[in-house]
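Below you'll find the structure, written out as structure tokens, and then a few comments.
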Amino acid sequence: MQFGLFGSAQAKRGDSDVDSGQGFKDFVEYNVEAESLGFASTFVVEHHFTGFGQVSASLNLLTWVAARTTTLRLATIDLMSDGRLELGVGKGYRHNEFASFCIPPEEADERFEEGLALIIKSWTSETRFSHHGRHWHFENIIVEPPPKQKPHPPIWIAAGSPGSIRKVAEYGYNLLLDQFASTATIAERFNLFKSEVEKRGRSFDPMDVGVCRAFFVARNAEEKAQAIDTRLAAQRRMTNLAQTPDGKNKSSMMSFADTREASEESALYDTPERIARKLDALRGLGIERILLNGPSGSREHLRRFARDVMPAFLGRPRELTAIGAAAR
């Protein structure tokens, strides 16, 4: 199995004596240590107008991470990182973001498809081109410099509904699965993507699916219980931002059960031994790439996972492994 990170920095808010940039500095150091501990990648999410400090400028943040690391696969910055960019995209699901940008949610699909096609053309076109779509217009342009990776950096698309998963397979890109979906739901989505890839005559590689899972390496039952309560509260805060005024947001990101039991089941919150059992179950489903979203800025939990969990899952022969869990 391969382990990466999923998440972002969180800016601190408070009085003038509070260093609002400390969360960003901590995140950079978190990634530097993750690379030294054997983690392979870091996916940085981008959200807007949350009110609790989520990063809205992931490109700037990753510039610092790229400068401080040498092997960690990144979610942006291809030339500066010497070809380590992996682009993760999604059409969005939070009502507050669509409302704040004054964009009708009904336009999400068409904006996503037009925007992604424009990015790919900008990366790959060797000559000037013009684009006149429904949402963007450019005349006689060439985007410079081109990316280091050819024909372009790997692309990951976050998807959960059957229709969206089929589109990812049709595009020929990689799939990101979210951190809130149950293990059973992850298995269904993983198997659907596999069958759709093979249906199109391509061989399926389980490393083309990244499963996001929240993790917390607990020392005892009390610490675990407190962490699960904190996670459930964070899920509900996210739900409040994402939900539409009529309460009918149909995004797959909103389909998880709002219970403490479901929150615990979908996460890797436990002792090292019990986390290993969950990873074994995911591997038994064929999952090989796990993207971990840990306690904000906690390098101690990162070290615990690298020391007490990861060694048993690295370097195993492919026939003895399976696949990972979650995303977004």
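The values are calculated or read from the model by the stated rules, or taken from the named source; none is laboratory data. Keep in mind that this is a model prediction, so the values were computed, not measured. Counting neighbours? That spans all protein chains shown, and the Cβs are built from the backbone with ideal geometry, glycine included. SASA here: full protein model, heavy atoms, side chains in, ligands and nucleic acids out. Shrake-Rupley method; radii C 1.70, N 1.55, O 1.52, S 1.80 Å.
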In the set GLU107, GLU86, which member is touching a helix residue (DSSP H, G or I) at 6+ places or on another chain (Cβ under 9 Å) and acidic (Asp, Glu)? GLU107
Spans of strands (runs of 3 or more DSSP E) in the stretch 123-224 with at least 3 residues under 19 Å from GLY286 (Cβ atoms): 174-177, 209-217
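Find the residue count for the stretch 287-328, including only residues that are modelled with pLDDT of 80 or more and over 12 Å from PHE215 (Cβ atoms).
The qualifying residues number 11.
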Residue pairs, Cβ under 7 Å, 6 or more apart or interchain, first in the stretch 167-186 and in contact (Cβ under 8 Å) with a residue 12 or more places away in the chain, second open to solvent by 40 Å² or more (accessible area, probe 1.4 Å) and acidic (Asp, Glu). List them. ASN174/ASP208; LEU175/ASP208; SER182/GLU265; THR183/GLU265
Of the residues in the stretch 228-240, those that are within 17 Å of ASP178 (Cα to Cα) and open to solvent by less than 50 Å² (accessible area, probe 1.4 Å) come to ARG231, LEU232, ALA234, GLN235, MET238, THR239
How many of the residues making up the stretch 235-257 are without any contact (Cβ under 8 Å) to a residue 40 or more places away in the chain, part of a loop (DSSP other than H, G, I, E, B) and on the phi < 0 side of the Ramachandran plot? 3
When every residue in the stretch 1-29 that is over 19 Å from LEU268 (Cα atoms) and surrounded by 16 or more Cβ atoms within 10 Å (Cβ to Cβ) is compared, the one modelled with the lowest pLDDT is ALA11
Any idea how many residues of the stretch 124-137 are open to solvent by 40 Å² or more (accessible area, probe 1.4 Å), closer than 23 Å to ARG111 by Cβ and more than 30 Å from the chain's Cα centre (by Cα)? 2
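In the stretch 31-57, which residue that is surrounded by fewer than 21 Cβ atoms within 10 Å (Cβ to Cβ), hydroxyl-bearing (Ser, Thr, Tyr) and within 21 Å of GLN179 (Cβ to Cβ) is nearest to the chain's Cα centre (by Cα)?
Going through the qualifying residues, I end up with SER56.
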